[in-house]
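Data block below; observations after.
The values are calculated or read from the model by the stated rules, or taken from the named source; none is laboratory data. Computed from a predicted model, the values in this text were never measured in an experiment. The accessibility values were calculated without ligands, DNA or RNA, using every heavy atom of the protein model including side chains. Shrake-Rupley method; radii C 1.70, N 1.55, O 1.52, S 1.80 Å.
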Amino acid sequence: VDEEIGGGDVDIADADVLVSVGRGIGEEENLELVEELADALGATLSASRPIVDNGWLPKNRQVGQSGKVVTPDVYIAIGISGAVQHVAGMKGSDTIVAINTDPNAPIFDIADYGIVGDLFDVVPALIAEFE
């Protein structure tokens with residue numbers, strides 16, 4: 001999957017696998033790491049609203065009530081706490097994998113698989129596994 005971040009022609013609603021990033025990513029520079037994981041998985045990159053509000057990804061990549069409703073086979077939520085507005089946009093995913101440092105993050109209530117850990121440890125391990 002060779003697409004520029006911000007490619008306006010991407011429809012996240014059509015993706016089979018979404019790697020979605022939230023506020024937990026910290027800084028825009030860290031998107032590169034998540035993009036590497038998306039590439040390794042042949043997935044499409046999407047985001048929660050704070051990422052779009054910050055201008056780090058375009059609006060067409062936003063999942064949630066004020067973005068798009070998506071139902072991929074696999075939804076990987078990275079650094080997303082799971083606000084009600086976000087969950088409304090992705091709860092229909094077949095398999096939800098959540099990576100978050102907060103074991104009490106609401107995203108874990110709907111996740112099929114949860115990894116409580118720092119995304120900067122977990123994501124590189126996943127990339128190594130799938131490349």
### Cα gyration tensor shape for region 45-105, rounded if a/c is under 1.5, else prolate or oblate
oblate
### Message
With n ≥ 4 as the cut-off for DSSP H runs, can you work out [θ] at 222 nm for the chain, using -39500 (n - 2.57) per run divided by the number of residues, rounded to the nearest 500?
### Response
-8000 deg cm²/dmol
## Note on the structure
With every protein chain kept in place and a 1.4 Å probe, the chain has an accessible area per residue in Å² of 50 Å²
#### Entry: Extension reserve of the residue 11-residue 121 stretch, reckoned as 0.36 nm per residue once the Cα distance is removed
36.7 nm
#### Entry: Vicinal HN-Hα couplings computed from phi for region 45-54 (Karplus, 6.51 cos²θ - 1.76 cosθ + 1.60; Hz; Gly/Pro x)
8, 9, 7, 8, 4, x, 5, 6, 4, 6
### Message
With a 1.4 Å probe and all protein chains left in place, how much of the accessible area of the chain comes from carbon and sulfur atoms, in whole percent?
### Response
46 percent
#### Entry: the chain - convex hull of the alpha-carbon atoms, volume per residue in Å³
90 Å³
### Summary
With every protein chain kept in place and a 1.4 Å probe, the residues 75, 113 fall, from largest accessible area down, as 113, 75
